[in-house]
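Here, each number is a calculation from the coordinates, and none is a lab measurement. On a predicted model such as this, the values are computed, not experimentally measured, just so you know. Here the Cβ positions follow ideal geometry from the backbone for every residue, glycine too, while neighbour counts run over all protein chains shown.
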Amino acid sequence: MSVTVRARGLRKTYRDGQLQVEVLKGVDLELLSGELVAIVGPSGSGKTTLLHLLGALDRPDQGTVEIGGVDLRTLGGAQLARFRNRTLGFVFQFHQLLPDFTALENVMIPGRIAGHSAREVLDRARALLAEVGLEQRAEHFPSQLSGGEQQRVAICRALALEPPLLLADEPTGNLDPATGRRALDLLIELQERRGMTGLLATHNPEVANRCAKVWRLEDGLLLP
Amino acid sequence: MRLWFWNLPVPLLLALRYARSSRREASVRFLSAVTAGGIALGVGALILAVAALSGFQTTLLREVLSRSPRLQVELAPGLDREVVRRIVTSQASVRSAQILLAGSGWIAHDGRIQACELLGVESEVPAWFPGSAGQPVDGIVVPDILALRFGLERGDTVRVISPRPTLTPFTRQIPRTRSLPVASIFGAGRSEEFDARVAIPLEVAEALLWGTDLRVDVDLPIDRVPAVAQKLRAVLPAGAEVVTYRELNRALFFALRLEKVLMFVGVFLIVAVASQALVSSLALLIASKRGELGILGTMGLTPAELRRTFILLGGLLAGAGIAIGGTVGCVAAWVLDRYRLIALPEAVYIVDFVPFRLRLGPDLLPILLATVVLTLLAARTAGSGASRLSPAQAMRR
């Protein structure tokens, strides 16, 4: 299952006292259903901000975001949270896992938030961890896992509810090259197998080249 | 994997896990211990203070009831006392109704004289008279202090003098007096009220005092007093005033109530301060878990669920404090009362130890309810801060 993502005229400015930083200056994009696209750009170019706006984690100062025909402006706080739960899967560079929960429990949480039964989410989480080769590490806490294992658990968690849209922010940025490559292979394989729409922010050209399309974010504008 | 745990609502599940994990972080653990300890101290102190005041109230009520009628009907001059008595005794729960006449006078013996309250009673000493209730009044019943002062013994003759003189044709005013034998001597105990109160036969009192302050004392179960008083007020003729023991001792009961309320407010400040510590403790936990809260937001946890998580976490912390404080307070109150550990000078107070009494409804429930409400409000304050954090803000490094 996948969705189309459309953004029109996205603008976002951060204010800190007198200081104003205009990060996005009118971004337009259309991500077609089932596509995997990379957004590249130097650090501070606004990749994470754009991903946050597309992922309904933040609101733009101007512009619209439409995911699967739903205009995010029409959703309130709780509706937006439910929308994220059903529609979006996130993989981040930092804060991947909740340290107080085991790998298995981390993968179970989105399902419980969605209101599925404990038995259902447990079976699903076990199957996902087995799919990424972590069935033996299911009961380990994040502090007991390597960086690569943590990222694999984070990918499982992002896919736990089979969301139609996957957003990844520097998913390999915190890993050594070999581990990063394996994590990326896994992410792309799972995305393709499920036919999900995917958007991946990275400053690594090698990672970007694995995607079907590459968009460049420069000076607050998106260049094809 | 404990499936029952994972079937709990997500906010409760998170709160329970955070309560466990907060023990691992030294600063959060310290603040949590201070918070729970503060709440425990406040609740324990509050229970002991309220139990002590309730103990005194109960003792004083017993004392008051043993020394004053539970209900009395004061009769205006000219009102038919027997009609009033018939109406009173016809009420359900009324055990007896006795006619009394109260007034001031003196008693004299062997060259000594003392002002007294004269109480004319029908046939026997009323139930609320200390020591000699139910004894026949075939003379004068005097308190032990007076007997000691006058050197009186049973059978001695005492002169009772009225303030109302008899006018004679010779324009001389002759004091009205009666000589009565001492029928019995009662122990006035520590009551100043009974130091100078004597009981005499009603017909003697009527002859000495005429018709002043005639009343009907009613004996009935304590719990029926308000209902019977209300009924009597409706059915008795004009000029008959119904007064309950509470109204007779209005100032005392008001003072006790006021003291209890002020003590409650004063000691409750400990709980209020502990609640502030609860806000700090939760705020510290929220700050240390800021990134994780952002991740939970990306997974679809709503702001309301996030707020509920911290309200529940605060509730767990406060619950631990309430449970500890409540148990310690209740056990301490019971031990202090059972073994009379806090002694009082017998000559000064009406009891020789501090009594503790704890009732579930009027005492314990208000303490627990007030603490729960205040701590939940404090937790809600902290939780609202967490719920206002957007996932993007929370994850920003």
Over all pairs of distinct alpha carbons, what does the Kirkwood formula give as the hydrodynamic radius of the stretch B:1-137, in Å? 22.4 Å
Report Rg/Rh for the stretch A:33-96, rounded to two decimals, where Rg is the Cα radius of gyration and Rh the Kirkwood radius. 0.96
Using a Förster distance of 22 Å, how high is the FRET efficiency between residue B:287 and residue B:377, based on the Cβ-Cβ distance and rounded to 0.05? 0.60
Taking every residue in A:51-63, how many Cβ atoms of other protein chains lie within 10 Å of its Cβ, on average? 3
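With a cut-off of 8 Å between alpha carbons and a minimum separation of six or more residues, what is the relative contact order of chain B in percent? Walk me through the numbers before you get to the answer.
Numbers: 681 pairs, mean separation 113.6, N = 397.
Contact order relative to length: 29 percent.
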One checks the Cα atoms of the stretch B:159-253 and finds Rg and Dmax, in Å, of 18.2, 56
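Given +1 on the Cβ of Lys and Arg, -1 on the Cβ of Asp and Glu, and no further charges, what dipole in debye does the stretch A:1-111 carry about its Cα centre, rounded to the nearest 20?
Working: 12 positive and 11 negative charges, 49 e Å.
The dipole of the stretch A:1-111 has a size of about 240 debye.
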The protein assembly as shown: projected area of the alpha-carbon convex hull, averaged over directions, in nm²: 43.2 nm²
Kindly put B:264, B:129 in sequence by how many other C-beta atoms sit within 10 Å of each C-beta, fewest to most. B:264, B:129
Length gained when the stretch residue A:18-residue A:221 is fully extended (0.36 nm per residue, less Cα-Cα span): 70.7 nm
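Once the convex hull of the C-alpha atoms of the stretch B:235-288 is built, how many Å³ does it hold per residue, rounded to a whole number? Numbers along the way, then the final one.
On the way: hull volume 5.9 nm³, N = 54.
Cα-based convex hull of the stretch B:235-288, divided per residue, equals 110 Å³.
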If the label point is 7 Å along Cα→Cβ of residue A:116, which residues in the stretch A:161-183 have backbone nitrogen under 11 Å from it? A:161-163
With the dipole of chain B worked out from charges on the C-beta (+1 for Lys and Arg, -1 for Asp and Glu) around the Cα centre, which of B:96, B:19, B:291 lies farthest toward the positive end? B:291
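Hey, got the average number of other protein chain Cβ atoms within 10 angstrom for residues in A:77-90? Walk me through the intermediate numbers first.
Values: counts 7, 5, 1, 6, 12, 3, 1, 7, 5, 1, 1, 3, 2, 6.
Per-residue shielding by partner chains comes out at 4.
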Which number comes out as Rg/Rh for the stretch A:1-130 once both Rg and the Kirkwood Rh are worked out on C-alpha atoms? 1.01
Taking Rh as the Kirkwood radius, which is the inverse of the mean 1/r over Cα pairs, what is the Rg/Rh value for the stretch B:280-326? 1.08
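Based only on Cα atoms, what mean projected area does the convex hull of the stretch A:79-139 have, in nm²? Kindly include the intermediate steps, with their values, before the conclusion.
Details: hull surface 18.7 nm².
Mean projected area for the stretch A:79-139: 4.7 nm², to one decimal.
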Restricting to the protein assembly as shown, compute how many DSSP beta bridges are antiparallel as a %, nearest 5. 70 percent
The stretch B:1-64, Cα convex hull volume normalised per residue, Å³: 128 Å³
All lysines inside 20 Å of residue A:213 as judged from Cα atoms, apart from same-chain residues fewer than 8 positions distant: A:47
In the stretch B:343-378, the chymotrypsin sites (Phe, Trp or Tyr not before Pro) that fall in loop regions by DSSP, at most 14 other Cβ within 10 Å: B:349
Specify the angular offset, from 0 to 90 degrees and rounded to the nearest 10, of the alpha carbon long axis of helix A:147-159 from the longest principal axis of the alpha carbons in chain A. 80 degrees
Give me the one-decimal nm value for the distance between modelled label points at residue A:25 and residue B:369, 7 Å along each residue's Cα-to-Cβ direction. 6.4 nm
Just tell me how shielded B:299-311 is by partners: mean number of partner chain Cβ atoms within 10 Å of each residue's Cβ, no decimals. 5
With +1 on the Cβ of every Lys and Arg and -1 on the Cβ of every Asp and Glu, the dipole magnitude of the stretch B:1-111 about its Cα centre, in debye rounded to the nearest 20, is 920 debye
One can check that the equivalent ellipsoid of the stretch A:77-224, built from the alpha-carbon gyration tensor with semi-axes equal to the square roots of five times its eigenvalues, has lengths in Å, largest first, of 25, 19, 13
Cα extents of chain B along the three principal axes, largest first (Å): 113, 46, 40
Determine the dipole magnitude for the protein assembly as shown: charges of +1 sit on the beta-carbon of Lys and Arg, -1 on that of Asp and Glu, nothing else is charged, the reference point is the Cα centre, and the result goes in debye to the nearest 20. 880 debye
Please determine, in degrees from 0 to 90 and to the nearest 10, the orientation of helix A:118-131 with respect to the longest principal axis defined by the Cα atoms of chain A, where the helix direction is its Cα long axis. 80 degrees
Once both label points are put 7 Å beyond Cα along the C-beta direction, the residue B:95-residue B:179 separation in nm becomes 3.8 nm
For the stretch A:134-213 and the stretch B:225-273, compute the distance between their C-alpha centroids and round to whole Å. 73 Å
